[in-house]
Amino acid sequence: MSKLRKLGLSVAIAASLVALSSPSFAGEKMDVGSVAKQAQIQGLERVTQTLVAPPFLPEHNQVAKGGPKIVEMTMTIVEKEMEIAPDVFVQALTFEGTNPGPMIVAHVGDYVELTLKNPKTNSMVHNIDFHAATGALGGGGLTHVNPGEQVVLRFKATKAGVFVYHCAPGGAMIPYHVVSGMNGAIMILPREGLKDEKGNAVSYDKAYYVGEQDWYIPKDENGKYKRYGSPAEALGDTMKVMTGLTPTHLTFNGKVGALTGENAMTAKVGETVLFLHSQANRDTRIHLIGGHGDLVWTGGSFDDIPTTNRETWQIGGGEAAAALYTFQQPGIYVYINHNLIEGVMLGAAGHVSVEGEWNNDLMEQVSKPGPIQ
C-alpha cells in the first residue's frame, strides 16, 4: 500500500471516529424520549458563570444549592505573544488570553454549557476537549471552529473531580496547541461538597488554581531565544525542539515568577486552602515546602478517599489534582515542582505568603548560628 493511500486511509478512519462520536450520526430525528429529555434540560435553571484569570476561581458554592442547573459561560480563544521569562517570548495559543485557561466550576448533575468563540483575527482552527466529559472526543469532535466562528457545547457533569481541558484540533496540532499554552482545568464538585478520609465534610477558606506549563523555545545560531511574528511562523522550529522532549522553560501560570514575590498566593494562619494543579502534557510532582497535603485527591478524583499527610503528590501528564492544607505557621511557603532542577532552574515554583502568629511549639530556633564549640 502506498504512503499516500495509507495517509488517506488514516484520515478516513479519523473522520469516521469523529462522525461516530457526534449525536447527529444516527440521523436528524430524535425519539419521543429524547425530545422529552431535551425539554427537561431546557427547563433547568440557568446560571451564568463569570470566568476569572488564574490563580483565582469563579464564584461558586462548595455545597450545591437546589437541583441541577445549566452552568453557562463564554470563552474566547486568544492568539497572542506572551513573555514567559525576561526577554523570552512565545506565540501563545490561549483560552481567554491566559495560561492556563480559566478554571470552570460546577457540581455533579449540572450541565456545563460553553460558548467557544474563535475571533476572525486569529489564524488557526481550534476546539476544546474536556477530560471531564463523556463522548465525542471530550467535545473535541463537536467544537472545531475556524477563525470568525463560534460553537456551543453542552455536557452533563457525571464525574466528580478536577480535570484538564485543552485544545485538540488533530494530528501534530494537538501537542503544538497544548504546549503553546492552550489548556486549563474544570472542577466538578460533589453536590454535598468535599469529604475527608473518614467521610466527614470538609470545606476551604480559599482556593487557588495553578497550571504548570512546559515550553519549547527555539534558539538562533548565537544561542539566543528566537522571537516570531505568528504561531504559524513559530511552528516548524518549535516542533523540532518539542521532539527532543526537553522543555526550555517550565512555568506556573504562564510566566516564571508569576506566583512569587508580590504575586504570591496568600493565606492566614488557621485558614484552609484548596490547591488545584494541572499539567496537560508532562508528569509533575508537587510539594509545599514547610507544609503538607493534609488531604490529597490523587488524580483529582473526589469520588475516591483522599490520602493524608502527603509530603509530595504526583500528577500525571494530562490530569489535575487537588490538595487541601490548613496553614499553622506564618511565613513564605514555596509551592514547587519537586524535581528541583525543573522547579528552581526552569521556573516551576510559586510562593504562598501566610500571615499570623508564630508558634514556637511547632518550630523554634533554640540558638542562633555561632562558632563551633
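The values are calculated or read from the model by the stated rules, or taken from the named source; none is laboratory data. Predicted, not measured: the structure shown is a model, and the values here were computed from it. Note that each Cβ is placed from the backbone with ideal geometry, even for glycine, and that neighbours are counted across all protein chains shown.
Filtered by the rule that a residue be of a type in the set (Val, Ile, Thr) and part of a strand (DSSP E or B), the stretch 132-163 gives Val145, Val151, Val152, Val162.
Restricting the stretch 89-131 to residues that are of a type in the set (Gly, Ala, Ser) and not in a loop (DSSP other than H, G, I, E, B) leaves a set whose member that is farthest from Val78 (Cα to Cα) is Ala106.
A single entry from Gln328, Gln365, Gln373 fulfils the requirement of being modelled with pLDDT under 95, farther than 20 Å from Ala185 by Cα and not in a strand (DSSP E or B): Gln373. Of Thr251, Thr246, Thr298, Thr238, all but one fail to be over 19 Å from His177 (Cβ atoms) and either in contact with a strand residue (DSSP E or B) (Cβ under 8 Å, 6 or more places away or on another chain) or surrounded by 19 or more Cβ atoms within 10 Å (Cβ to Cβ) (or both); the exception is Thr298.
Selection of first residues in the stretch 341-360 that are farther than 25 Å from Thr284 by Cα and of second residues that are buried (at least 23 other Cβ atoms within 10 Å of the Cβ) and modelled with pLDDT under 95, restricted to Cβ pairs under 9 Å at least 6 apart or on distinct chains, gives an empty result. Taking Glu149 as the residue in question, decide whether it is within 22 Å of Pro58 (Cβ to Cβ) and surrounded by fewer than 18 Cβ atoms within 10 Å (Cβ to Cβ). So Glu149 fails the test.
When Tyr204, Tyr228 are screened for being within 30 Å of Val354 (Cα to Cα), crowded, with 16+ Cβ neighbours inside 10 Å and touching a strand residue (DSSP E or B) at 6+ places or on another chain (Cβ under 6 Å), only Tyr204 passes. Cβ-Cβ distances below 8 Å connect the following pairs, each with a first residue in the stretch 305-329 that is closer than 21 Å to Val202 by Cβ, a second residue that is of a type in the set (Ser, Thr, Tyr) and modelled with pLDDT under 95, and a separation of six or more residues or different chains: Pro306/Thr298; Thr307/Thr298; Trp313/Thr298; Ala321/Thr298. From the list Glu59, Glu79, the lone residue that is under 30 Å from Gln213 (Cβ atoms) and either modelled with pLDDT under 85 or part of a strand (DSSP E or B) (or both) is Glu79.
The set of residues in the stretch 226-248 that are under 30 Å from Leu288 (Cα atoms) and either in contact with a Lys or Arg (Cβ under 9 Å, 6 or more places away or on another chain) or aliphatic (A, V, I, L, M) (or both) comprises Met242, Leu245, Pro247, Thr248. When Ala160, Ala172, Ala168 are checked against the criterion of being surrounded by fewer than 17 Cβ atoms within 10 Å (Cβ to Cβ), within 26 Å of Thr284 (Cβ to Cβ) and not assigned by TED's automatic domain parsing to the domain that holds Arg310, Ala172 stands alone in meeting it. Count of the stretch 74-97 residues, restricted to those that are surrounded by fewer than 23 Cβ atoms within 10 Å (Cβ to Cβ), farther than 19 Å from Tyr228 by Cα and in contact (Cβ under 8 Å) with a residue 60 or more places away in the chain, is 0.
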